[in-house]
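The values are calculated or read from the model by the stated rules, or taken from the named source; none is laboratory data. Just so you know, these numbers come straight off a predicted model, no measurement behind them. Glycine gets a Cβ as well: all are built from the backbone with ideal geometry, and neighbour counts include every protein chain shown. Please note that ligands, DNA and RNA were not included when accessible areas were found on the heavy atoms of the full protein model with its side chains. Shrake-Rupley method; radii C 1.70, N 1.55, O 1.52, S 1.80 Å.
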Amino acid sequence: MTTLVFQAAGSAIGGVIGGPLGASIGGFAGALGGAALSSIGGSQRSPRVVIGPRLKVMDGITSTEGAPIPRLYGRTRIGGQMIWATRFVEVISASVTPGTSPGGKGGNANSRGGSQGEIDYTYNYYANFAIGLCEGPIAFIRRIWADGTEIDLTLMGPRVYTGTETQDADPLIVAKEGADHAPAYRGLAYVVFERLPLASFGNRIPQLTFEVVKPVSGLAQMIRAVDIIPGATEFGYQPSLQISAAWPGSSISENRHQLTAATDWTASIDASQALCPNLQGVALVVTWFGSDLRAGSCTITPKVDLGFKTIGPDWSVAGLARAFAPVVSSYDGSAAFGGTPSDAAVVRAIADLRARGLSVTLYPFVMMDIPVGNTLTDPYSGDDGQPAYPWRGRITCDPAPGQVGSPDGTASAASQVANFFGSASPPPGEWSFRRFVLHYAQLCVAAGGVDAFLIGSELVGLTRVRSASGVYPAANALATLAADVKAILGPATKISYAADWTEYGAHVLGGGSEVRFPLDAVW
């Protein structure tokens, strides 16, 4: 201020004495004198104020009066019409940069006063608005793009109204317009964005498009139950986010590969319930891996998709940690399967399904991890090299029934089947079918129980192996296993076996001279 006063005074005096030229010289001299005086006498300099860019008006997307309301089927990407908005919200923030001290670092040792620093005012803008989409009711909105880029709905997702005839008005619209003047837009699917930050979009409302899902009436309403697969996924069934460190300073998500929900599990189950409003139950598939089509040599083990990961808490199944678990085979440079679901993920998945009001069937499932180029003897041909990644229904005695030298119908066949099923009380080091099934029965107890449990599926190559005329040791072993699982899970849990459709038919031998139904013992 001292500088400005002396500059004005100098200009006035110089103008009287020497005209325009004198005014310029006087103003310059006055400014120098004022600057000198402002640095003495102990006075401090005023802080420098910086005002950031500030909007007077804001561009937005338009709304067309009389625009038609779209009607869609299936899954469609559409735009929308703005049906409600408020003035933009301006948030002012100030940051202060400290000044210099007299004689201190960065200061002037000859100055008795220091700078007060800098005050920086910045302005951030937010928008409240509603976008009408289409005729309702819809199932859900799967994805949203802003200016062509998909947005993370967990960070800036809107409230979605599916367009039912009973939906209530949005609370923000009620707060702004009043309860008597806030429309519910019944029959219209629409979204409401509240305090959408606009900095990333050039301080304007972006152009928005929406992937809307609306199932065709009929089939979706008829679906009562579904299977949850793939069954082979280390953390895919975990409702909470699982992060692993790929390398120092970098991390990757093990169970989130979309921007709709916090995890793939949550996104998938939410979508299933939205698409199938009458869904009542699910079968949760969990996989261990078979090693051989020859029953007497086949082990059933949990596996991982990678032998080392920096992750916590890490994978663990049946007391087996990642460092000691077998790794699934590779195909074309990648893992042929996902790993067995971690026990902790299975427990949390069961709890989440039950919290959603769904009945749960646990479905232990065997996949055969027999890679390309193996040298295992094929029980069906006697050749070296079993078919790669075969169906578990082909597990049988060696040689298979009908082949030369087959033990079918003898005690040797019973011995091979017994090796496959394992001990009555399998020890920790035994990787057998019984250990596989009993482990999951006990895990279901730890999860708080399930509604139904399958003791196996599609073992048709085993259930038709005989130890004597009319004696089927695999069917008898399944019946024993069913009783053991029932004892673990209790009388309220349904127990069954998921037979291949061919297993329901009769086992016909000798051109019809002998007709048997092996699974009668199980049923």
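Amide H contacts under 5 Å for Ser291: Thr299, restricted to partners 5 or more places along the chain or on a different chain, H placed in the peptide plane at 1.01 Å from N. Put simply, the amide H of Glu514, placed in the peptide plane, has neighbours under 5 Å in Leu509, leaving out anything fewer than 5 places away on its chain. The charge dipole of the stretch 359-514, taken about the Cα centre with unit charges on the Cβ atoms of Lys, Arg (+1) and Asp, Glu (-1), comes to about 440 debye, rounded to the nearest 20. Where both bridge residues fall in the stretch 401-523, DSSP classifies roughly 50% of the beta bridges as antiparallel. Across the protein chains, with a 1.4 Å probe defining accessible surface, the residues Trp523, Trp84, Trp431 rank Trp523, Trp431, Trp84 from largest area downward.
Hey, can you find the accessible area per residue of the stretch 150-281 for me, probe 1.4 Å, expressed in square angstrom? Mind dumping the intermediate values first?
Details: 6610 Å² over 132 residues.
Here the per-residue accessible area is 50 Å².
Would you work out the charge dipole size for the stretch 274-390 about its Cα centre, treating the Cβ of every Lys and Arg as +1 and the Cβ of every Asp and Glu as -1, and quote it to the nearest 20 debye? Working shown, then result.
Numbers: 7 positive and 10 negative charges, 120 e Å.
Charge dipole of the stretch 274-390: 580 debye, to the nearest 20.
Using heavy atoms of the protein chains and a probe of 1.4 Å, the accessible area assigned to Asp451 is about 60 Å². Here the accessible area is traced with a 1.4 Å probe on the protein chains. For the stretch 299-338, carbon and sulfur cover 59 percent of it.
In vacuum, with every alpha carbon of the stretch 201-311 counted as one equal point scatterer, what does the Debye formula give for log10 I(q)/I(0) at q = 0.09, 0.17 Å⁻¹? Two decimals, please. Computed log10 I(q)/I(0) values: -0.42, -1.01.
Solvent-accessible surface (1.4 Å probe) assigned to Tyr389 amounts to roughly 60 Å².
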